[in-house]
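For reference, the structure discussed in these notes is given below.
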Amino acid sequence: MRRKSKKKLIFSILSFVVVFIALLFFLVYLPYSRIKAKANVLVASAKELKASLLANDIDLVKKNLTKVSMQYADFAKESQSVYWASFIPYVSDFKNGVEAGTYMIDAGNQAVEAIYPYADLIGMKKGKASFIERSAEDRLQTAVITLDKVLGKVDAISADISEVEKRLQTIDANRYPEKFGSTEVRAKINNIKDQFSGVSSLFVDAKPLLKKLPYIMGKDKEKTYLVLFQNESERRATGGFLTAYAIFKIKDGKMNIAKSADIYSLDNSIAVHPAAPDKILTYHKNVSQFYIRDSNLSPDFVESLKLFNSLYEKSGDKVKYDGVIALDSKVLVDMLTIFGDTEADGVRFSAKIDKRCDCPQVIYQLSDMVDRPVGYVKENRKGILGELMYALFYKAIGFSPSKYWGTLFQTMYQDMETKDILLNFTDAEVQGSVEKLNFAGRVQSAPQDYLLVTNVNFAGAKSNMFINEQYTSKSTIEGGKINREVTVEYRNPYAHSDCSLERGGLCLNATLRNWVRVYVPKGAQLVNFKGIEKKALVYNELDKTVFEGFMTVPPMGKSQITVTYTLPTSVSTSEYKLYVQKQSGTHNQKLKVTVNGASKYDGEFDKDKDIK
């Protein structure tokens, strides 16, 4: 009897094992095998789709996207065979990931559907010459007219992207191992989530701007834009010395220059100038009146434009504008790099390095034309910049879109990211969008620690062209208190220029006269400010506390400032974060960040850094 019971127990256990193995086989292994097989096919097709995108061929993209869409639908359908186990977190994550992919595929199809009828316009239609055969004016007009139709899909694409992000954010990377063998797992999941969150936010923030692009380009109504040229070789708070300006008018994409002139001529159109602000009287050299060319005193572009407009309103040459676009000379160099040497008003400009300044030829040529003292009146002294920009613009639309437009758009986007291009619009919705994208030159608000160092060259020639800067930020957290030390090292390895007026020397490199301001969280307490030549000032501005000083940097020399201070208790010690904002128009800067001695960042300081 006992033997029978034992046999029965063994039989029951074996039966359970067989049934369990069978269940694993039919409910797990077989579905996994089928899902994996479809996934492998899908990956191969996705690579073909990527190649067709790189080939810039819309017909091939459409064909491969259709193929990927069908295969993904099969993959998603097969994946449903394991959704019964969604009570298991890993299966739930898989389900959300698959659904996110479905929405991504839909967004891709919507985008191709919107672009396809106008693919020749952006150079994605192989063998299609209709666009390039048109005149330059017709090309841009066609672009503006069709842009409105293309952007009709923006809301639908935005909805799909929102659904993707919603599902990705439910995936908890912390339940996965840091590594599986030698493969990073948790970091990759977090990276995908963070990257897509960034793309999603960018798309949402850019949507109002995208939908208004036809309006900005003068569809239905002419638009007027004031273009300001900033010479970052003579650094000012918003990037550089305001050297010239131009008035561009655009209607249905047809653009013309209404005026292009030296900034001094704009200043001369003001009958009576007010007295200079105290900062100019204190730090500038031999300047007692307030001029438009010195009006960009605030590092916040919107605030500087208020000062600009307070003077511009007094000008006999003022024009009502719909927006302001500020450009520095790097934008000219980037465009010349793309389009090659360009002639404007009989002068040839190039991005090639000129040995006379170890800088791009266009920089030296413009400085030579504008700043070298001569014994006669220079015609069109700084209006040449407007002519050069106009020549480059027409060069851009004079070629097949597939040749340059992709590179040009990408480069201009990067220049907006690095604040070499600043935008300001009178339309509140458009302005709100460029501010969210951080293209408006605003001093940012930050919930945690914050740092912005603003350098202003007051009568120090064009020495910023030759100076490299190294920023070092140290945070020490102890006893519920955060102590900060910020060091900026300025190095000028080049010799002094010939600045003799009698000899007609071109004075590019001279001693830098630098008005420096350090913006930190409001309520911070200054401990020490070393390396400055005047007494440090402390005050509140732009919802920040500011530590202000003045220092000089000689040619063939170096200088250093070090600011130590304590942060207010409003800055958390438990989840410390630091937002380091880059001054507009700055280049060749390095940044090192440490927290309690541990390195958090060490590299190029080419755009704002959000350090966690």
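Considering only the range 504-520, I want to know if a residue exists there that is in contact with a strand residue (DSSP E or B) (Cβ under 9 Å, 6 or more places away or on another chain), among the aromatic types (Phe, Trp, Tyr) and free of Cβ contacts under 8 Å to residues at least 40 places away in the same chain.
no
Being buried (at least 23 other Cβ atoms within 10 Å of the Cβ), touching a Gly at 6+ places or on another chain (Cβ under 7 Å) and at negative phi, is that true of even one residue in the range 449-457?
no
Got at least one residue in the range 239-246 being surrounded by fewer than 19 Cβ atoms within 10 Å (Cβ to Cβ) and among the aromatic types (Phe, Trp, Tyr)?
Quick first cut of the range 239-246, residues surrounded by fewer than 19 Cβ atoms within 10 Å (Cβ to Cβ) only: none.
No, every residue in the range 239-246 fails to be surrounded by fewer than 19 Cβ atoms within 10 Å (Cβ to Cβ) and among the aromatic types (Phe, Trp, Tyr).
Yes/no matrix, rows are residues, columns are (1) out of contact with any Lys or Arg (no Cβ under 8 Å at 6 or more places or on another chain); (2) outside the structural domain of Ser584 (by TED's automatic domain parsing); (3) assigned to a loop (DSSP other than H, G, I, E, B):
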| residue | (1), (2), (3) |
| --- | --- |
| Val227 | yes, yes, no |
| Gln230 | no, yes, no |
| Arg235 | yes, yes, yes |
| Thr238 | yes, yes, yes |
| Ala244 | no, yes, no |
| Ile250 | no, yes, no |
| Ser260 | yes, yes, no |
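Among the residues of the range 437-458, write down those that are hydrophobic (A, V, I, L, M, F, W, C) and touching a residue at least 60 places away in the same chain (Cβ under 8 Å).
Leu437, Ala440, Val443, Ala446, Leu451, Leu452, Val453, Val456, Phe458
Any idea which of Thr573, Thr594 is β-branched (Val, Ile, Thr), in the same structural domain as Val520 (by TED's automatic domain parsing) and at pLDDT 95 or above?
After ruling out the rest, the residue left standing is Thr594.
Is one or more of the residues making up the range 174-183 at negative phi and part of a helix (DSSP H, G or I)?
Yes; the residues of the range 174-183 include at least one that is at negative phi and part of a helix (DSSP H, G or I).
Looking at (1) in contact with an Asp or Glu (Cβ under 7 Å, 6 or more places away or on another chain); (2) in contact (Cβ under 8 Å) with a residue 24 or more places away in the chain; (3) at negative phi, which is the only condition Leu542 fails?
Unmet for Leu542, out of (1) in contact with an Asp or Glu (Cβ under 7 Å, 6 or more places away or on another chain); (2) in contact (Cβ under 8 Å) with a residue 24 or more places away in the chain; (3) at negative phi: (3).
If a residue has to be among the small types (Gly, Ala, Ser) and touching a Lys or Arg at 6+ places or on another chain (Cβ under 6 Å) to count, how many in the range 262-288 make the cut? Lay out the reasoning, then the answer.
Of all residues in the range 262-288, those among the small types (Gly, Ala, Ser) come to 265, 269, 271, 275-276, 288.
Still in the list and also touching a Lys or Arg at 6+ places or on another chain (Cβ under 6 Å): none.
Within the range 262-288, residues that are among the small types (Gly, Ala, Ser) and touching a Lys or Arg at 6+ places or on another chain (Cβ under 6 Å) number 0.
Kindly indicate the residue of the range 466-486 that is in a strand (DSSP E or B) and within 25 Å of the chain's Cα centre (by Cα) and also nearest to Thr564 (Cα to Cα) among those meeting that condition. Before you say what the answer is, go through the steps one by one.
Quick first cut of the range 466-486, residues in a strand (DSSP E or B) only: 468-478, 481-486.
Filter again for within 25 Å of the chain's Cα centre (by Cα), leaving 468-473, 486.
On the way: Asn468: 22, Glu469: 18, Gln470: 17, Tyr471: 14, Thr472: 12, Ser473: 10, Val486: 6 Å.
Checking each candidate, the answer is Val486.
Within the range 312-337, how many residues are more than 21 Å from Tyr225 (Cβ to Cβ) and either at pLDDT below 90 or of a type in the set (S, T, N, Q) (or both)?
1
Looking for something assigned to a helix (DSSP H, G or I), modelled with pLDDT of 80 or more and surrounded by fewer than 16 Cβ atoms within 10 Å (Cβ to Cβ) - is there at least one such residue anywhere in the range 129-150? Break it down stepwise before answering.
The first filter runs over the range 129-150 and keeps only residues assigned to a helix (DSSP H, G or I), leaving 136-150.
Filter once more, keeping what is modelled with pLDDT of 80 or more: none.
No, the range 129-150 has no match at all.
Only strands (runs of 3 or more DSSP E) wholly contained in the range 500-569 count here; list those with 2 or more residues that are touching a Lys or Arg at 6+ places or on another chain (Cβ under 7 Å). I'd like the intermediate steps shown before the answer.
Numbers: elements: 512-521, 525-530, 537-541, 544-553, 557-566.
So the answer is 512-521, 544-553, 557-566.
Does any residue of the range 278-286 turn out to be under 29 Å from the mean Cα position of the chain (by Cα) and either in the same structural domain as Tyr519 (by TED's automatic domain parsing) or not in a loop (DSSP other than H, G, I, E, B) (or both)?
No.
Does Tyr413 qualify as being surrounded by fewer than 16 Cβ atoms within 10 Å (Cβ to Cβ) and under 20 Å from Val333 (Cβ atoms)?
yes
In the range 213-271, which residues are hydroxyl-bearing (Ser, Thr, Tyr), within 22 Å of the chain's Cα centre (by Cα) and under 18 Å from Lys419 (Cβ atoms)?
The answer is Ser233, Thr238.
Quick check on the range 51-77: of everything there that is modelled with pLDDT of 85 or more and of a type in the set (D, E, K, R), which residue is farthest from Ser92 (Cα to Cα)?
Asp59
Among the numbered criteria (1) charged (D, E, K, R); (2) in contact with a helix residue (DSSP H, G or I) (Cβ under 6 Å, 6 or more places away or on another chain); (3) more than 27 Å from Lys582 (Cα to Cα), which one does Glu343 miss?
Unmet for Glu343, out of (1) charged (D, E, K, R); (2) in contact with a helix residue (DSSP H, G or I) (Cβ under 6 Å, 6 or more places away or on another chain); (3) more than 27 Å from Lys582 (Cα to Cα): (2).
Let me spell it out: the conditions are (1) within 26 Å of Glu429 (Cα to Cα); (2) in a loop (DSSP other than H, G, I, E, B), and Leu305 meets all of them except one. Which number is the exception?
(2)
In the range 197-212, what residues are in contact (Cβ under 8 Å) with a residue 40 or more places away in the chain, more than 14 Å from the chain's Cα centre (by Cα) and assigned to a helix (DSSP H, G or I)?
Those that are in contact (Cβ under 8 Å) with a residue 40 or more places away in the chain, more than 14 Å from the chain's Cα centre (by Cα) and assigned to a helix (DSSP H, G or I): Val204, Lys207, Pro208, Leu209, Leu210, Lys211.
Scanning the range 472-496 for residues that are of a type in the set (Ser, Thr, Tyr) and crowded, with 19+ Cβ neighbours inside 10 Å, which turns out nearest to Ile363 (Cα to Cα)?
In this case the residue turns out to be Tyr490.
Assuming Arg235 fulfils every condition listed in (1) in contact with a strand residue (DSSP E or B) (Cβ under 7 Å, 6 or more places away or on another chain); (2) at pLDDT below 95 apart from one, which condition is it?
Evaluating Arg235 over (1) in contact with a strand residue (DSSP E or B) (Cβ under 7 Å, 6 or more places away or on another chain); (2) at pLDDT below 95 leaves (2) as the failure.
Kindly indicate whether any position in the range 430-447 is within 19 Å of Gly253 (Cβ to Cβ), among the aliphatic types (A, V, I, L, M), buried (at least 21 other Cβ atoms within 10 Å of the Cβ) and out of contact with any Gly (no Cβ under 7 Å at 6 or more places or on another chain).
Scanning the range 430-447, I find at least one residue that is within 19 Å of Gly253 (Cβ to Cβ), among the aliphatic types (A, V, I, L, M), buried (at least 21 other Cβ atoms within 10 Å of the Cβ) and out of contact with any Gly (no Cβ under 7 Å at 6 or more places or on another chain), so the answer is yes.
The values are calculated or read from the model by the stated rules, or taken from the named source; none is laboratory data. What you see is a predicted model; the values in this text were computed from it and never measured. So basically every Cβ, Gly included, is an ideal-geometry build from the backbone, and we count neighbours across all protein chains shown.
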